[in-house]
Amino acid sequence: KLQSRVVKKVVGLVWLAAQDVAAARNNDTYKEYAGAALSRMMSVDRSTWLRVYASRWARFKAAFVELDAQALQAIFIRHEGQEVAKELEM
């Protein structure tokens, strides 16, 4: 079982990953967080960040990118369906 402090850190990491992906999508000049900055935000040692959290960070970010792509694709498909329905009504 995970300790509550670890759970809090992982939840914080998830939110940071979501914010990082959103910022990168909305700002062409956005620069990703450096590992040192992320370790400070998580209140962990840089070595702990690299050993424990860095791989999770990468997986969380990849998951958010995939979720974003899936959501955009679903919206596009729905929009196409509405356009086809409008054409059939005419």
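The values are calculated or read from the model by the stated rules, or taken from the named source; none is laboratory data. Remember, it's a predicted structure, so these values are computed and weren't measured experimentally. A quick note on method: Cβ atoms are made from the backbone with ideal geometry, for glycine too, and the neighbour counts reach across all protein chains shown. The area values use the complete protein model at the heavy-atom level, side chains included, leaving out ligands, DNA and RNA. Shrake-Rupley method; radii C 1.70, N 1.55, O 1.52, S 1.80 Å.
A few notes on this one:
- Meets criteria (part of a helix (DSSP H, G or I) and not small (Gly, Ala, Ser)) for Glu32: no
- For the condition among the β-branched types (Val, Ile, Thr), open to solvent by 40 Å² or more (accessible area, probe 1.4 Å) and part of a helix (DSSP H, G or I), Val52 qualifies.
- Screening Ala85 against (1) surrounded by 11 or more Cβ atoms within 10 Å (Cβ to Cβ); (2) of a type outside the set (Lys, Arg); (3) assigned to a helix (DSSP H, G or I) leaves a single unmet condition, (1).
- Yes/no for Trp57 being open to solvent by less than 40 Å² (accessible area, probe 1.4 Å), touching a Leu at 6+ places or on another chain (Cβ under 7 Å), assigned to a helix (DSSP H, G or I) and without any contact (Cβ under 8 Å) to a residue 40 or more places away in the chain: no
- Within the stretch 63-82, considering residues that are polar (S, T, N, Q) and within 23 Å of the chain's Cα centre (by Cα), the one least open to solvent (accessible area, probe 1.4 Å): Gln70
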